[in-house]
Amino acid sequence: MATILIIDDEKAIRKTLTEILSFEGYKIEEAADGEEGLKKFKEKAFDAVLCDIKMPKIDGIDFLQKAVEINADVPIIMISGHGNIETAVEAVKKGAYDFIQKPPDLNRLLITIRNAMERNTLVNETKTLKRKAFKVQEMIGESEPIKKIKDTIEKVAPTEARVLITGENGVGKELVARWLHEKSNRAGNALVEVNCAAIPSELIESELFGHEKGSFTSAIKQRIGKFEQANGGTLFLDEIGDMSLSAQAKVLRALQEGKITRVGADKDITVDVRVVAATNKDLLKEVEAKHFRLDLYHRLSVIVIHVPSLNERRDDIPLLIETFLDDICDDYGVSRKMMSDEAMKLLQEYNWTGNIRELRNVVERLVILSGKSITKEDVRNYVLPK
Ligand SMILES: Nc1ncnc2c1ncn2[C@@H]1O[C@H](COP(=O)(O)OP(=O)(O)OP(=O)(O)O)[C@@H](O)[C@H]1O
């Protein structure tokens with residue numbers, strides 16, 4: 001049953017509202033002024049609040065401002081007298097859901113409350129869906145290197161330290177970056193990803209820092225860059241070893257000063273961004289070859305997390321295979337296929353490229369081509385080179 005908090009210093013109004021709304025099936029709590037209202041609001045989760053504007057001690061506007069800070073999701077409907085409609089409009093600008101006038105019109109009151117509740121349900125459903133959709137994939141593995149990585153993530157994520165993630169293609173570097181963000185205090189804000197290798201070098205600066213209209217031929221509109229998009233959150237610079245030297249110089253400045261300049265602009269913009277970078281290259285070798293700035297390398301590599309390839313953590317292969325079998329059989333809507341121990345052993349000893357996607361593809365192939373269970377013959381036929 002939905003619970004509504006009614007805050008009004010006039011006992012008669014509280015009584016009428018309580019009677020009407022209880023009759024409609026709502027559970028009601030009352031408070032005689034803003035102070036008492038705030039106390040109740042802090043202690044209990046309400047589905048909506050009806051709040052008078054003019055009250056002694058804490059008035060309706062003060063209550064609203066404090067309540068929004070505590071929990072902005074609860075719709076607050078202001079009750080305004082004749083003299084304070086302007087204040088009621090102001091309240092809506094400050095975050096109130098709506099206002100109704102005294103004496104309350106029964107229909108309008110009920111419709112406003114119903115709409116407020118519906119909006120709330122929608123907001124909550126969207127949040128849950130988003131949380132589900134963006135749930136970061138679990139990092140599978142119990143081998144020593146993976147345990148060490150998980151442990152480092154726990155320690156480093158809540159700090160502001162920059163992290164450089166190294167390792168071959170497809171070993172799980174991005175997954176590490178996602179967990180670093182997820183477990184940080186920035187998790188409520190964006191994780192913005194840039195694949196530096198995929199963007200032509202003449203466009204990377206505008207991609208990272210944004211541009212003003214007309215700053216170059218194809219800049220038809222003003223555009224904000226990834227640094228600004230990631231403000232308050234984390235910027236994941238993937239394949240940083242492929243970034244041009246001129247972009248590196250600008251990234252260095254952004255890291256040193258916490259400021260960026262859009263391409264074609266003369267004004268600086270302050271940004272609060274935590275940078276996590278990844279590379280499959282040996283950056284120190286790139287420094288030697290004068291492809292990468294040493295000062296930037298030092299800025300980025302406060303913490304280095306190396307993700308080893310599959311062949312260096314074979315202990316994890318059976319667990320990964322079992323997880324992929326669950327997922328893939330589920331996706332295909334077929335009953336869960338089992339793999340014989342010998343088949344599993346063959347795959348564990350196989351010479352993998354290191355890319356976990358390759359292992360997943362192999363499991364998918366075996367699910368499609370094998371019979372009820374996956375045997376060592378299936379592995380010989382469909383995976384191992386003839
Ligand atoms: N430990 C793990 N457990 C489960 N899945 C994993 C694990 N590590 C990686 N994966 C999966 O393998 C795939 C490749 O991982 P990811 O994209 O993180 O690698 P990467 O090193 O960033 O790759 P690239 O070098 O291509 O950018 C992804 O689908 C990822 O979810």
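The values are calculated or read from the model by the stated rules, or taken from the named source; none is laboratory data. Computed from a prediction, not measured in an experiment: that's the story for all the values here. Glycine gets a Cβ as well: all are built from the backbone with ideal geometry, and neighbour counts include every protein chain shown.
Observations on the structure shown:
- Any chance LEU366 is among the aliphatic types (A, V, I, L, M) and more than 22 Å from LYS173 (Cβ to Cβ): yes
- Any chance THR152 is more than 16 Å from the chain's Cα centre (by Cα), of a type in the set (Val, Ile, Thr), closer than 20 Å to ARG299 by Cα and in a loop (DSSP other than H, G, I, E, B): no
- Residue in region 18-28 that is assigned to a strand (DSSP E or B), touching a residue at least 12 places away in the same chain (Cβ under 8 Å) and in the same structural domain as GLY95 (by TED's automatic domain parsing) present: yes
- Residues satisfying the criterion are present in region 111-125 (criterion: hydroxyl-bearing (Ser, Thr, Tyr) and in a helix (DSSP H, G or I)).
- Flag if GLY60 is buried (at least 18 other Cβ atoms within 10 Å of the Cβ) and closer than 27 Å to VAL123 by Cα: yes
- Residues within region 152-163 that are within 13 Å of the ligand (Cβ to nearest atom) and either closer than 14 Å to GLN137 by Cα or not β-branched (Val, Ile, Thr) (or both), tallied: 0
- Checked against (1) within 17 Å of ASP238 (Cα to Cα); (2) part of a helix (DSSP H, G or I), HIS291 passes all but condition (2).
- Some residue of region 204-218 being within 16 Å of the ligand (Cβ to nearest atom), touching a residue at least 40 places away in the same chain (Cβ under 8 Å) and in contact with a Phe, Trp or Tyr (Cβ under 7 Å, 6 or more places away or on another chain): no
- The lone exception for LEU164 - which of (1) assigned by TED's automatic domain parsing to the domain that holds ALA277; (2) in a loop (DSSP other than H, G, I, E, B) it fails: (2)
- Of the residues screened, LYS147 is one that is within 16 Å of the ligand (Cβ to nearest atom), out of contact with any Phe, Trp or Tyr (no Cβ under 6 Å at 6 or more places or on another chain) and modelled with pLDDT of 95 or more.
- The requirement of being outside any helix (DSSP H, G or I) and farther than 17 Å from ILE4 by Cα is satisfied by LYS54.
- If you filter region 315-352 down to residues that are without any contact (Cβ under 8 Å) to a residue 40 or more places away in the chain and farther than 18 Å from THR375 by Cα, you find that the one that is surrounded by the most Cβ atoms within 10 Å (Cβ to Cβ) is ASP327.
- Annotation note: of ALA48, ALA2, ALA32, ALA12, the sole residue that is surrounded by fewer than 22 Cβ atoms within 10 Å (Cβ to Cβ) and touching a residue at least 40 places away in the same chain (Cβ under 8 Å) is ALA2.
- Matching residues, region 235-274, being part of a strand (DSSP E or B), away from the ligand (no atom under 16 Å from the Cβ) and among the aliphatic types (A, V, I, L, M): ILE260, VAL263, ILE269
- Number of positions in region 178-201 that are out of contact with any Lys or Arg (no Cβ under 6 Å at 6 or more places or on another chain) and either within 29 Å of ASN361 (Cβ to Cβ) or within 16 Å of the ligand (Cβ to nearest atom) (or both): 13
- Region 168-177, subset near the ligand (Cβ under 6 Å from one of its atoms) and assigned to a loop (DSSP other than H, G, I, E, B), residue farthest from LYS135 (Cα to Cα): ASN169
- Filtering region 178-213 to residues that are closer than 24 Å to LYS135 by Cβ and among the hydrophobic types (A, V, I, L, M, F, W, C) leaves TRP179, LEU180, ALA187, ALA190, LEU191, VAL192, VAL194.
- Taking region 105-143 as the range and being within 16 Å of the ligand (Cβ to nearest atom), loosely packed, with under 13 Cβ neighbours inside 10 Å and at pLDDT 80 or above as the test, the residues that pass are GLN137, GLU138, GLU142.
- Some residue of region 288-305 being of a type in the set (Val, Ile, Thr), under 20 Å from PRO200 (Cβ atoms) and crowded, with 19+ Cβ neighbours inside 10 Å: no
- Test: GLY95 is outside any helix (DSSP H, G or I), within 16 Å of the ligand (Cβ to nearest atom) and not acidic (Asp, Glu): no
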